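Student: A single structure is presented below for examination.
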Amino acid sequence: MLRTVGRSALGAISELGEFSLFSLGSLVAFFRQRRRFHKLAVGVHEIGARCLAIVSIVGLFTGLVLGLQLYYTLVKFGSEGVLGMAVSLTLIRELGPVLAALMIVGQAGSALASELGIQRNDEQVDALYTMGIDPRGFLVAPRLLAALVCFPMLTAIFDLVAIFGGYLSGSVLLNLDPGVYWKGVFQSVEWSDVRGGFIKSLVFGFLTIGICTYRGFYAHRKSKLRGVRGVSESTTRAVVWSSVLVLASDYMITSLLL
Amino acid sequence: MSEAFIEVRDLKKHFGVNKVLDGIDLDLSRGLVTTIVGKSGMGKSVFLKCLAGIVEADGGEIRYAGKPFTLSGSLPNNRLRFSYMFQNNALFDSLNAFENVALPLLESGEHSSGEVRDKVEDLLGQLDLADSLERYPGELSGGMQKRVAFARALVTDPELVLFDEPTTGLDPERKFGIFDLIAEYREKYGFTALLVSHDIPEVFQISDRVAWLDGGRIRFFGTAEELESGRQPEVIEFLNKSRYSPHRKVQTFGGKS
Amino acid sequence: MTQRTTEILAGSFVCIGLAAVLYLTMQIGGARLLGSDAYELHAQFSSAAGVNPGSRVEIAGVRVGTVKKIDLNDDFYARVTLEINGGIELDDDTIASVKTSGLIGDRYINLMPGGSGLPLAPDDLILDTESPLDIEGLISRFAMGGLDDREN
């Protein structure tokens, strides 16, 4: 029992070190490469543009349901006037960064992990190496940098769409005065709330896309299974770990920021 | 013509307790086509990957043109113009045929995009792929994919080309087509080639030297005629088996075949 | 998908994303990235309980600034630094009071502009202040007072 705990703790620490070296090494390698702008654009397309729809849809429904639930709770205390504040602060501080990150992991992270796993399996990673192209700089770094660009943007879009969703359910479907709702939104949110949300989204972006690329890139080493099943296992692991780490690091950042 | 271009001394590699390479000694001469033959799972591909620096050897020394080549995982292309044609082609699915072949040139940054376009279109044209520049690997037939991979290996004007079973999965006619291409372009560009192949005796036609790898060592090295006229009983047994029983190959992860 | 399409889609996404980030930061978050013409005033209260840095400053229900920081002065009064938007000119008989929005809502600072004709300069102290209504104190006094009456 103790041995198992000790072994997994040591394993986790060495994994963490390897992960840090991997992501930093990728970024260093990237700046030695050519056609950086094009590669970054491809990454932004994969992680940003292709996640726009899902992030907006999930954002809208999150806002709608938040508006409903909070309205019925607040109305019991006669303070439905603070609905705008409650919705916008919940979203900007917590739900926006977390849910947007989880959606991006589902849409782009899983695709990245399996794509890299297949490329490893098909010797495409080795092929880059024999061509004198650092595979990490070519395959991993553009995605990591694109994540740092796209996560705050998608989070902002999620927040705005969801705040609009809260307006729809609070003021259009129910009978809260729209002016009261929007006053709550505009007057209660501070720059520090918005900044906290952006810090979270940057950390989530680096962690999740980092883990997904890391797992995919080393699919041959990280999985005991070979071939197609190895790729599917490493993809599953990548998505599970990314999601867990989003929630765990969210708690840590929140306690540091407050 | 026959100075030792690549010298391999006592190269070792094991996976767990399985000693795949147990002290390989081999000299490749400049400009010659050398073919490694042997049973499946005897480490022929592993040997090729050690040469390319993809797999790190456990011991031994590799010298390219007299200079030692460290097996530290640094990018080998800085040292020698070599290219590697993979068993499964390893083409990038998200790039079309033109982009796949142009990739090593564009990333090296030594050529203008106009030069790259001319060179790639010329080479693909010679390989009867002029109509397929814009097509993606998934839309090409197996033989066409091989030719794209062949073009990608040659487009950088390599001094050394490593071919890992270049004819896997092709019908006999296309097999000869690929062997003819290797012979033809060797004449044209004068590269040194190292092949791993199961196609005995077809591959002997283009091989200047044949090495027989068995039990982790090179057990025979010489010309194809010497191999075929040899009297070693194991060699005769191997040749007979290769000719008359279609070998089976197992696809493995990470290319440990 | 060609290189060109990918790059155009990526570019459009960045434009939309940047617009969202800017709107969230500037409009909703109220951050001023460019230099602002806001100025600071100070006010002393016997209690600033419930007021936090970032709390609103209002005149007649309209937001005119934020609380920047709160510290304790030598006489154990709460010294509140207010950041007032530029263009709002206040006279030196302005009254600052700590108010509550609703019965249990947020605390904010309300300003009642005076009419003395002597304007406050940046970094001046607002002399007239009203500390918040101590609801708990009122309730307990009411309850205790009731008890006292019965005993007498």
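Student: Of the residues A:Arg36, A:Arg32, which is within 14 Å of chain C (Cβ to nearest Cβ) and either more than 30 Å from A:Phe158 (Cβ to Cβ) or among the basic types (Lys, Arg) (or both)?
Tutor: A:Arg36
Student: Quick check: is even one residue across the stretch A:80-91 assigned to a helix (DSSP H, G or I), within 11 Å of another protein chain (Cβ to nearest Cβ) and under 30 Å from A:Val140 (Cβ atoms)?
Tutor: No, the stretch A:80-91 has no match at all.
Student: Search the stretch A:174-185 for residues being part of a helix (DSSP H, G or I) and without any contact (Cβ under 8 Å) to a residue 12 or more places away in the chain, and hand back the single one that is farthest from the other protein chains (Cβ to nearest Cβ).
Tutor: Among those residues, the one meeting the criterion is A:Pro178.
Student: Do we have B:Val148 as within 11 Å of chain A (Cβ to nearest Cβ), under 19 Å from the mean Cα position of the chain (by Cα) and crowded, with 16+ Cβ neighbours inside 10 Å here?
Tutor: No; evaluated as a whole, the condition is false for this residue.
Student: Taking the condition of being touching a Gly at 6+ places or on another chain (Cβ under 9 Å), closer than 18 Å to B:His198 by Cα and in a helix (DSSP H, G or I), how many residues in the stretch B:143-172 meet it?
Tutor: Result for the stretch B:143-172: 2.
Student: Let me ask another. Restricting the stretch A:49-106 to residues that are of a type in the set (Gly, Ala, Ser) and free of Cβ contacts under 8 Å to residues at least 12 places away in the same chain, which is surrounded by the most Cβ atoms within 10 Å (Cβ to Cβ)?
Tutor: A:Ala49
Student: Yes or no: B:Glu173 out of contact with any Cys (no Cβ under 9 Å at 6 or more places or on another chain) and not assigned by TED's automatic domain parsing to the domain that holds B:Val37?
Tutor: Judged against the criteria, B:Glu173 is not a match.
Student: May I pose another question? Among the residues of the stretch A:200-217, is any outside any helix (DSSP H, G or I) and more than 25 Å from A:Ile54 (Cα to Cα)?
Tutor: There is no residue in the stretch A:200-217 that is outside any helix (DSSP H, G or I) and more than 25 Å from A:Ile54 (Cα to Cα).
Student: Being in contact (Cβ under 8 Å) with a residue 24 or more places away in the chain and either crowded, with 21+ Cβ neighbours inside 10 Å or farther than 25 Å from A:Leu128 by Cα (or both) is the filter here; which residues of the stretch B:1-19 pass it?
Tutor: Answer for the stretch B:1-19, where residues must be in contact (Cβ under 8 Å) with a residue 24 or more places away in the chain and either crowded, with 21+ Cβ neighbours inside 10 Å or farther than 25 Å from A:Leu128 by Cα (or both): B:Met1, B:Ser2, B:Glu3, B:Ala4, B:Ile6, B:Val8, B:Arg9, B:Asp10, B:Leu11, B:Lys13, B:Lys19.
Student: With within 26 Å of A:Gly230 (Cβ to Cβ), in contact with a strand residue (DSSP E or B) (Cβ under 9 Å, 6 or more places away or on another chain) and not polar (S, T, N, Q) as the only criterion, which of A:Ala113, A:Ala147, A:Ala127 stands out?
Tutor: From the options A:Ala113, A:Ala147, A:Ala127, the qualifying one is A:Ala127.
The values are calculated or read from the model by the stated rules, or taken from the named source; none is laboratory data. Just so you know, these numbers come straight off a predicted model, no measurement behind them. All Cβ positions, even for glycine, are placed from backbone atoms using ideal geometry, and neighbour counts span all protein chains on display.
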